[in-house]
Amino acid sequence: MFRIPGRQPRFSMTAFPTLRSAHRTKFQRPFTLSGCRPFAMTDTHSIDYEGRYEYWEAGVAWELREPSLRHEWPRSRLAQLIGDIGRMRGAPIALLGTTGLQERDARGTRVRAVQADELVSLDWRYGLPDVFVVGELPLPDVVFEVDLTTDIRDRKLDVYAAWGIPELWVEVPDADMPSKRKRSGLAIFLLDDGTFRESAESAAFPTLSAREIHAALNEPSTSAATVETVRRVGGIMGRRAGTGPDDDPFLSVERQLSRREGQRQGHREGHREGRTFMLEGLLRARGIDITPTSRAEADRIAALPQDRILRAALDSTDSDDFLSRLRP
């Protein structure tokens, strides 16, 4: 069991009376998880089990029948989206991966366990636990699930509600499979008085909509629209926390380099403009007209050695003669 030295647990199992009363009948009745196959796995066996399962209860584990890249792709895109928002916020957002969420009884015996596709925490400072025991650590801010051939409503939705998960994202990818169960899209569920209600926007990520999340999770690479979403959401979160892109180590360096390059570029352009202005004044003083052709070549001329430009201006008789002296 993972505990934080010197820290009192933020939650206790007595905070979840539904686990012992209202949800008892629902959890004890027979059930089947769509898209999964059951296999026997004792609590002892689960300690050394290295595979991945969706759900475990009463000595039975359920694993995907059709694991595929189509199921994993949204999770990799989620990591990109959340990472970019964290950089814009100026503070990292923890992705705890498929760390198992477990409920244990008073004797420490595992009652049920879930392996989510991703756990998201806005402010994680508690180390890296091997398992996530409900009641021992603060709950993640968002649990992310992919329903391609599965349906979270079969079992896991009720369990998450009983545990008090504050926000749940359920993604049905655009990718198609013969056994796909639901229409493509992302649903955001917010916990309200022990029950999940669907919401158009996230509570953990202000103004981030289900539509925007789904679009970001299904594009091959980050689009301009997603960049704008990241900037908006990360900016709001940063302003609320008093942080920003300059607090992110990577973006801070990039922004400093961009500012320096902009200053150098401005200095170069200002220098060229100054030399062009001086040259035009010299040519006018000698009675040489400034033609459209000479204006078009002003940048090229301004980059030439200054003494060569001055000799050409003093020796030339007209604009064409001046330009010919400065051509290779």
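The phi-based Karplus calculation (6.51 cos²θ - 1.76 cosθ + 1.60; θ = phi - 60°) puts the 3J(HN,Hα) values of region 69-83 at 5, 4, 6, 7, 4, x, 5, 5, 5, 4, 4, 5, 4, 5, x Hz, whole numbers, x for Gly and Pro. Summarising the label geometry, the points placed 7 Å from Cα in the beta-carbon direction at M177 and R239 lie 4.1 nm from one another. For T317, the solvent-accessible surface with a 1.4 Å probe is about 110 Å², rounded to the nearest 10.
Rounded to the nearest 0.05, what FRET efficiency do R107 and A40 give with R0 = 25 Å and r taken as the Cβ-Cβ distance? Could you check? Could the numbers behind the result be given before it?
On the way: r = 22 Å, r/R0 = 0.88.
With R0 = 25 Å, the Cβ-Cβ based efficiency is 0.70.
The Cα atoms of region 102-172 define a convex hull whose projected area, averaged across directions, is 5.1 nm².
Between the beta carbons of E219 and R295, assuming R0 = 56 Å, the FRET efficiency works out to 0.80 to the nearest 0.05.
For region 72-219, the share of alpha carbon pairs falling in successive 10 Å distance bins from zero is 11, 42, 37, 10, 1 percent.
For region 112-222, the share of DSSP beta bridges that are antiparallel, to the nearest 5, is 75%.
Coupling constants for region 315-322 follow from the phi torsions by the Karplus curve (6.51 cos²θ - 1.76 cosθ + 1.60, θ = phi - 60°), and in residue order they are 8, 7, 9, 8, 5, 5, 5, 4 Hz; glycine and proline get x.
The values are calculated or read from the model by the stated rules, or taken from the named source; none is laboratory data. Quantities reported herein were computed from a predicted structural model and do not represent experimental measurements. Glycine also receives a Cβ, built like all others from the backbone with ideal geometry; neighbour counts cover every protein chain displayed. Only protein heavy atoms, including side chains, enter the accessible area calculation; ligands, DNA and RNA are left aside. Shrake-Rupley method; radii C 1.70, N 1.55, O 1.52, S 1.80 Å.
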